[in-house]
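Working notes, beginning with the structure itself.
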């Protein structure tokens, strides 16, 4: 689906390059650049609820530094505070000062974690083995 999305976006990329040649560089719109951006989006995008109640996928600074754990501190989407405009990360279990705060990428087995995130867990309660029955 990524290749189709890239190809369907090509006319828009061409328009941007033609309209703003001093601001955009052609290599920013290459397949390699698109794939790199998609990998970032799928790896680090989080669900954020905005003050209007709408939930959007966003890239949030520093949240991408949090690691996955099957029993995380953060288990739900984050919220933007209407009064401050700041993104709040809500912990649903205690986290001692100075300790790492974990989030969950989802209840994934090691195959999916390895394929999409580049790691596997030694004791993964969601691990699974696929069996093909004939």
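The values are calculated or read from the model by the stated rules, or taken from the named source; none is laboratory data. Everything numeric here is computed off the predicted structure, so don't read it as measured data. No Cβ is skipped: glycine too gets one built from the backbone with ideal geometry, and neighbour counts run over all protein chains shown.
With respect to the stated conditions, residue 14 is over 26 Å from residue 86 (Cβ atoms) and out of contact with any helix residue (DSSP H, G or I) (no Cβ under 6 Å at 6 or more places or on another chain). Evaluated against (1) at pLDDT below 95; (2) surrounded by 12 or more Cβ atoms within 10 Å (Cβ to Cβ), residue 31 falls short on exactly one condition, (1).
Of all the residues that make up the stretch 1-28, how many are in a helix (DSSP H, G or I) and loosely packed, with under 10 Cβ neighbours inside 10 Å? Result for the stretch 1-28: 6. The single condition among (1) exposed (fewer than 14 other Cβ atoms within 10 Å of the Cβ); (2) under 19 Å from residue 44 (Cβ atoms) that residue 122 does not meet is (2). Considering the stretch 37-134, the qualifying strands (runs of 3 or more DSSP E), each wholly inside and each with 3 or more residues that are within 30 Å of residue 27 (Cβ to Cβ) and either without any contact (Cβ under 8 Å) to a residue 12 or more places away in the chain or not assigned by TED's automatic domain parsing to the domain that holds residue 3 (or both), run over 55-58.
Pairs linking a residue in the stretch 6-22 that is assigned by TED's automatic domain parsing to the domain that holds residue 37 to a residue that is loosely packed, with under 12 Cβ neighbours inside 10 Å and part of a helix (DSSP H, G or I), with Cβ atoms under 8 Å and 6 or more positions apart or on different chains, are 17/26. Looking at the stretch 53-70, can you tell me whether even one residue there is more than 16 Å from the chain's Cα centre (by Cα) and more than 30 Å from residue 126 (Cβ to Cβ)? Within the stretch 53-70 (the criterion being more than 16 Å from the chain's Cα centre (by Cα) and more than 30 Å from residue 126 (Cβ to Cβ)), the answer is yes, since at least one residue qualifies.
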